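S.K.: Okay, here's the structure, questions in a sec.
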Amino acid sequence: MTATESTDVVVIGSGFGGAIAAYHLAAGGARVVVLERGPWLTAEEFDHDFLLGSSYTRIFDFVIGDGMSVLGGNCVGGGSVVFFATMPRAPRFVFERRGSIGRRLWPAAISRDTLDPWYDRVAEALPVRPTPWERVPYAGGLFAAACAHAGHTANPAPSAIDLDECTNCNWMIAGCRFDAKRSLLLNYLPAAIAHGAEIRPKHEVQSLSRNDDGGYRVHYRLVDDLDYRVLHDSGAIDAKIVVLAAGAGATPVILRRSEPQLGPMPYAVGRYFSGNGERLNTAVFDEDRVREVLGLTRDGGQAYAAYQIGRGPTVTNWDWLDGSLPEYERFSLEQLYFPPGLGTILAQVPDATGPTWFGVQKKEMLLRWQSWLTIFTMSEDDNEGVFGPPPETGNAHRLSQQMLGNGPLRYRPTANTLRGWSLSDAAVKDILERDGLARVMPWTNDLVGAYTVHPLASCRIGDDPATSALDDGHELRGHPGIFVTDGSAVPCALTVNPAMTIAALAERAMPGIVRALQERGVPVRYGAPSPDGETAARRGVARAG
Amino acid sequence: MQPDTLDADPVRTMTIEAFADTIVPGEKRSPDDRAIAGAAPGGGAVAAGAIALLEAPGGGLAPALDALAVALNDHAKEYAKERGLVLDDDVPPFVALSFAERTALVQLLTAPEHPEKQMWVALALFSNMAFDSAAHLSTVDAFAAGHPGLLAIGYFRPDDDGVWRFPQYSYGRQLANLHPNTTPTGSPA
């Protein structure tokens, strides 16, 4: 009989929740193995190519559920490799949200004030920096000018992009071939490897079981290099502690599948999923009106016609992030680029007399694609997503060899969520249609349901065992030694891009996970500097603690 | 862009082409083209390579195309029968429908309550992808071949090395007032 491999910590997933854990625990002296379902690509492998099988489809997953589709990373570095690197902190009022449970959703220990030192750690590590106006691409400038014209403010958003390296190619969803995007491939992960962490790509964790010594056995299958529908050998690793960070679309699925071996899961595992209240509107601008009303001209004399140029979202409107407004009526609006392929089919024709998303008028709209502007709403949904029984393997039944699959998530937006979307649609329309600048329509939810690029809350932290799966130290209730540090731990929609908050929560969870390892006899300590050696934020955390 | 395929099943090809042409319509390849309705000027999904993309093994729909064509033609027959339409026997039933009728049928099949919605939406998604992103071709090759969809949407060409860079990208000035509650980190308070 072959002995099963064993280590101190298995980290499942290598996005923010996994990479931050891998770094701190390895730097502290623990033996760490990271199992990542997706491939491991580096800058030169990030293609500027829509061809099926290029990095665009290799590192990115689009899982269609019943009423909600989830887009997410599927590679070493996870979401940080495919995301747009916009990293604001969540506004203060978000931490006071009550949702529909009649009590504060967040643990008492967490507020914006207590999280700020952990945000600082992430900001130092990536790093995250404010964006100067003179580096804002045309699309962001257009949105800012339209906001100002309508009497609103607009902010260039803080971001994890090295602007001196960025070419504004807008291919960042396929990975950044210039290493301008400060993904985890450039900071936490190489630092974790330098401290001995092992990262194993193409290892898809299927389930966990419990060992007699109180540790866990992590069961995985190897994923085919090209065709992700094909799984190869299975294997297992034993660990004293498991850090689960497979993403909010996968973490609860792994736990649910493990239930026969581990025993009952907390009620909140696979419930209370939030799509971060996300919603998209697409505007088609009248170039003449952009010039006449907003006074904008760019190189070559055009007014705009530059949807393709830039780096995702750069300018955001925070006028509805007002804590004095009722819950569910607060949202941010963010100018966004979405590439062709996935980014056009759901856009609807303003003033359509026939079908809104296909046909003759849709083609006419496509001919004006460079004059499009997409506006991204992040609002307060009602945590109404519920996962059905897990698929046989992974978190989806894969349709294509890469990227596209069907998953078990069911989402029926409540009146609260619909109200927020409706208010934000009206706000977008008011800003962008003023004085004939543009015509606007929301994306249709009729084809693949609602959609989110920021899945959250499917295994959330909280103080109430009835409505949270994790305690405020991110430990799974009733299953000591399993910690969840990805977006599924975030209790609710954040009204802004969540990566900064997911990462800050993961940073905050680390001292507790170190203690759990110490209690199990692992000689590990907490206190690593930033991945590049900076220590200012570590001092801030020490003061706060 | 459509490769010359000696397809064993021209009925299937015509039927799927007619569906793709309903999603992104284009001009007829010849006066006697039946699959393409000719509802819009310029190349549409078919000229953009929808069949090649749908038949690509990586896409996942290729094994279902036979069944989809049969089902689509069954729906077309049913649609015609309910409305008293007499269909031309020379072509598959879906192809025999007018563009307006094809459009109406696709709206029915992709409506939220339709039990087969998911597969028709998938077919539409791939038809659209062929046009606006040429996902069956390397994007650089698609440009070199004059791909009708990428050219139609005005997608900018890459540099000579096949990589996109935009040295000119900004209006270069402040265009709105910042929110008053912005913190020094650039985040909302």
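The values are calculated or read from the model by the stated rules, or taken from the named source; none is laboratory data. What you are looking at is a predicted structure, and each value in this text was computed from that prediction instead of being measured. Backbone-built Cβ (ideal geometry, glycine too); neighbour counts: all protein chains shown.
S.K.: Given the criterion in contact with an Asp or Glu (Cβ under 6 Å, 6 or more places away or on another chain) and of a type in the set (A, V, I, L, M), identify the matching residue among B:62, B:80.
M.R.: Numbers: B:80 fails: in contact with an Asp or Glu (Cβ under 6 Å, 6 or more places away or on another chain).
B:62 is the lone residue from the list that is in contact with an Asp or Glu (Cβ under 6 Å, 6 or more places away or on another chain) and of a type in the set (A, V, I, L, M).
S.K.: Could you tell me whether any residue of the range A:325-342 is out of contact with any strand residue (DSSP E or B) (no Cβ under 6 Å at 6 or more places or on another chain) and among the acidic types (Asp, Glu)?
M.R.: Taking every residue of the range A:325-342 in turn, at least one turns out to be out of contact with any strand residue (DSSP E or B) (no Cβ under 6 Å at 6 or more places or on another chain) and among the acidic types (Asp, Glu).
S.K.: What single numbered condition from (1) at pLDDT 95 or above; (2) out of contact with any strand residue (DSSP E or B) (no Cβ under 6 Å at 6 or more places or on another chain) fails to hold for residue A:447?
M.R.: Of (1) at pLDDT 95 or above; (2) out of contact with any strand residue (DSSP E or B) (no Cβ under 6 Å at 6 or more places or on another chain), only one is false for residue A:447: (1).
S.K.: When the residues of the range A:294-314 are narrowed to those that are within 13 Å of another protein chain (Cβ to nearest Cβ) and more than 20 Å from residue B:167 (Cβ to Cβ), which ends up surrounded by the most Cβ atoms within 10 Å (Cβ to Cβ)? Talk me through it step by step, then tell me what you get.
M.R.: Filtering the range A:294-314 down to residues within 13 Å of another protein chain (Cβ to nearest Cβ) leaves A:294-312, A:314.
Add one more test, that the residue is more than 20 Å from residue B:167 (Cβ to Cβ), and what stays is A:294-295.
Values: A:294: 22, A:295: 12.
Among those residues, the one meeting the criterion is A:294.
S.K.: Just checking, how many residues over the range A:430-460 are touching an Asp or Glu at 6+ places or on another chain (Cβ under 6 Å) and either surrounded by 23 or more Cβ atoms within 10 Å (Cβ to Cβ) or in a loop (DSSP other than H, G, I, E, B) (or both)?
M.R.: 1
S.K.: Can you tell me which of B:39, B:47 is of a type outside the set (Lys, Arg), within 26 Å of residue A:367 (Cα to Cα) and either more than 14 Å from every other protein chain (Cβ to nearest Cβ) or not in a loop (DSSP other than H, G, I, E, B) (or both)?
M.R.: Values: B:39 fails: either more than 14 Å from every other protein chain (Cβ to nearest Cβ) or not in a loop (DSSP other than H, G, I, E, B) (or both).
Unique residue meeting the criteria: B:47.
S.K.: Go over the candidates A:253, A:205 one by one and state the one that is in contact with a His (Cβ under 9 Å, 6 or more places away or on another chain), under 16 Å from residue A:392 (Cα atoms) and β-branched (Val, Ile, Thr). Before you say what the answer is, go through the steps one by one.
M.R.: Details: A:253 fails: in contact with a His (Cβ under 9 Å, 6 or more places away or on another chain).
It is A:205.
S.K.: Within the range B:102-119, is there a residue that is polar (S, T, N, Q), away from every other protein chain (no Cβ under 13 Å), farther than 30 Å from residue A:230 by Cβ and not in a loop (DSSP other than H, G, I, E, B)?
M.R.: Kept after step one, since they are polar (S, T, N, Q), are these residues of the range B:102-119: B:103, B:107, B:110, B:118.
Then keep just the ones that are away from every other protein chain (no Cβ under 13 Å); that gives none.
Within the range B:102-119 (the criterion being polar (S, T, N, Q), away from every other protein chain (no Cβ under 13 Å), farther than 30 Å from residue A:230 by Cβ and not in a loop (DSSP other than H, G, I, E, B)), the answer is no, since none of the residues qualifies.
S.K.: Within the range B:121-139, can one find any residue that is buried (at least 16 other Cβ atoms within 10 Å of the Cβ), assigned to a helix (DSSP H, G or I) and of a type in the set (Phe, Trp, Tyr)?
M.R.: yes
S.K.: Okay, moving on. Out of A:61, A:47, I need the residue that is within 12 Å of chain B (Cβ to nearest Cβ) and either closer than 30 Å to residue B:161 by Cβ or of a type in the set (A, V, I, L, M) (or both). Which one? Please lay out each step first, then the result.
M.R.: Values: A:61 fails: within 12 Å of chain B (Cβ to nearest Cβ).
None of the other options fit; the residue is A:47.
S.K.: Report whether or not residue A:372 is surrounded by 24 or more Cβ atoms within 10 Å (Cβ to Cβ) and either out of contact with any strand residue (DSSP E or B) (no Cβ under 7 Å at 6 or more places or on another chain) or free of Cβ contacts under 8 Å to residues at least 24 places away in the same chain (or both). Even if it seems obvious, please write down each step before you answer.
M.R.: On the way: surrounded by 24 or more Cβ atoms within 10 Å (Cβ to Cβ): yes; either out of contact with any strand residue (DSSP E or B) (no Cβ under 7 Å at 6 or more places or on another chain) or free of Cβ contacts under 8 Å to residues at least 24 places away in the same chain (or both): no.
Spelling it out, it is not the case that residue A:372 is surrounded by 24 or more Cβ atoms within 10 Å (Cβ to Cβ) and either out of contact with any strand residue (DSSP E or B) (no Cβ under 7 Å at 6 or more places or on another chain) or free of Cβ contacts under 8 Å to residues at least 24 places away in the same chain (or both).
S.K.: What residue, of A:180, A:191, A:144, is modelled with pLDDT of 95 or more, among the aliphatic types (A, V, I, L, M) and touching an Asp or Glu at 6+ places or on another chain (Cβ under 6 Å)?
M.R.: Residue meeting the stated conditions: A:180.
S.K.: Looking at (1) closer than 25 Å to residue B:60 by Cβ; (2) touching a Gly at 6+ places or on another chain (Cβ under 8 Å); (3) at the interface with chain A (Cβ under 10 Å from one of its Cβ atoms), find the lone condition where residue B:148 falls short.
M.R.: Here residue B:148 clears every test but (3).
S.K.: Are there any strands (runs of 3 or more DSSP E) wholly within the range A:225-317 with 3 or more residues that are under 28 Å from the mean Cα position of the chain (by Cα) and under 30 Å from residue A:7 (Cα atoms), and if so which? Step through it out loud before you land on a result.
M.R.: Working: elements: A:231-244, A:278-285, A:315-317.
The qualifying strands (runs of 3 or more DSSP E) are A:231-244.
S.K.: Give me the residue from the range B:140-189 that is assigned to a loop (DSSP other than H, G, I, E, B) and among the acidic types (Asp, Glu) and, out of that set, nearest to residue A:304 (Cα to Cα).
M.R.: From the range B:140-189, those assigned to a loop (DSSP other than H, G, I, E, B) are B:145-147, B:154-169, B:171-181, B:183-187, B:189; that's our starting set.
Narrowing the set further to residues that are among the acidic types (Asp, Glu) leaves B:159-161.
Working: B:159: 21, B:160: 24, B:161: 26 Å.
Among them, the one singled out is B:159.
S.K.: In addition: Within the set of pairs 6+ apart or on separate chains, which have a first residue in the range A:479-503 that is farther than 14 Å from residue A:255 by Cβ and within 14 Å of chain B (Cβ to nearest Cβ), a second that is acidic (Asp, Glu) and surrounded by 24 or more Cβ atoms within 10 Å (Cβ to Cβ), and C-beta atoms under 9 Å apart?
M.R.: Listed by first residue and then by second, the contacts come to A:494/A:380; A:495/A:380; A:496/A:334; A:497/A:334.
S.K.: Of (1) farther than 17 Å from residue A:51 by Cα; (2) without any contact (Cβ under 8 Å) to a residue 60 or more places away in the chain; (3) more than 7 Å from chain A (Cβ to nearest Cβ); (4) of a type outside the set (S, T, N, Q), residue B:123 satisfies all except one. Which?
M.R.: For residue B:123, the exception is condition (2).
S.K.: Here is a follow-up. For the condition of a type in the set (Lys, Arg) and without any contact (Cβ under 8 Å) to a residue 60 or more places away in the chain, what is the one hit in A:291, A:271, A:221?
M.R.: Numbers: A:271 fails: without any contact (Cβ under 8 Å) to a residue 60 or more places away in the chain; A:221 fails: without any contact (Cβ under 8 Å) to a residue 60 or more places away in the chain.
Every option except A:291 fails the conditions.
S.K.: Follow-up. Being crowded, with 22+ Cβ neighbours inside 10 Å, over 30 Å from residue A:197 (Cα atoms) and of a type in the set (Val, Ile, Thr) narrows it down to one residue among A:64, A:101; which is it? Steps first, answer last, please.
M.R.: Details: A:101 fails: crowded, with 22+ Cβ neighbours inside 10 Å.
Within the list A:64, A:101, the selection yields A:64.
S.K.: Within the range A:64-87, can you find the residues that are in contact with a helix residue (DSSP H, G or I) (Cβ under 6 Å, 6 or more places away or on another chain) and within 14 Å of another protein chain (Cβ to nearest Cβ)?
M.R.: Scanning the range A:64-87 gives a single hit, A:87.
S.K.: If the requirement is being surrounded by 20 or more Cβ atoms within 10 Å (Cβ to Cβ), away from chain B (no Cβ under 11 Å) and touching a Leu at 6+ places or on another chain (Cβ under 9 Å), which of these qualifies: A:317, A:281?
M.R.: On the way: A:317 fails: away from chain B (no Cβ under 11 Å).
Answer to the check: A:281.
S.K.: I would also like to ask the following. Restricting to the range A:355-413, what's the tally of residues that are facing another protein chain (nearest Cβ under 8 Å) and either at positive phi or in a strand (DSSP E or B) (or both)?
M.R.: Counting residues in the range A:355-413 that are facing another protein chain (nearest Cβ under 8 Å) and either at positive phi or in a strand (DSSP E or B) (or both) gives 4.
S.K.: Is there any pair with a first residue in the range B:152-172 that is within 7 Å of chain A (Cβ to nearest Cβ) and farther than 12 Å from residue A:171 by Cβ and a second that is in a loop (DSSP other than H, G, I, E, B) and of a type in the set (A, V, I, L, M) whose Cβ atoms are under 7 Å apart and which are 6 or more apart or on different chains, and what are they?
M.R.: Sorted first by the residue in the range B:152-172, then by its partner, the pairs are B:152/A:367; B:153/A:367; B:169/A:309; B:170/A:136; B:171/A:296.
S.K.: Please determine whether any residue of the range A:122-145 is more than 13 Å from every other protein chain (Cβ to nearest Cβ), in contact (Cβ under 8 Å) with a residue 60 or more places away in the chain and either crowded, with 21+ Cβ neighbours inside 10 Å or charged (D, E, K, R) (or both).
M.R.: Applying the first criterion (more than 13 Å from every other protein chain (Cβ to nearest Cβ)) to the range A:122-145 yields A:125.
Now restrict to residues that are in contact (Cβ under 8 Å) with a residue 60 or more places away in the chain: A:125.
Next, from what is left, pick out any that are either crowded, with 21+ Cβ neighbours inside 10 Å or charged (D, E, K, R) (or both): A:125.
Yes.
S.K.: Out of everything in the range A:88-121 that is touching a Phe, Trp or Tyr at 6+ places or on another chain (Cβ under 8 Å) and among the aromatic types (Phe, Trp, Tyr), what residue ends up being farthest from the other protein chains (Cβ to nearest Cβ)?
M.R.: Here the answer is A:106.
S.K.: List every residue pair whose Cβ atoms lie under 8 Å apart, where the two residues are 6 or more positions apart in sequence or sit on different chains, the first residue falls within the range A:177-199 and is within 14 Å of chain B (Cβ to nearest Cβ), and the second residue, located anywhere, is among the polar types (S, T, N, Q).
M.R.: Here the result reads A:178/A:167; A:180/A:167, each pair linking the range A:177-199 to a residue that is among the polar types (S, T, N, Q).
S.K.: On to the next question. Is at least one residue of the range A:212-225 closer than 30 Å to residue A:543 by Cα, out of contact with any Gly (no Cβ under 6 Å at 6 or more places or on another chain) and away from every other protein chain (no Cβ under 14 Å)? I'd like the intermediate steps shown before the answer.
M.R.: To start, the set of residues in the range A:212-225 that are closer than 30 Å to residue A:543 by Cα comprises none.
Checking the range A:212-225: not a single residue is closer than 30 Å to residue A:543 by Cα, out of contact with any Gly (no Cβ under 6 Å at 6 or more places or on another chain) and away from every other protein chain (no Cβ under 14 Å).
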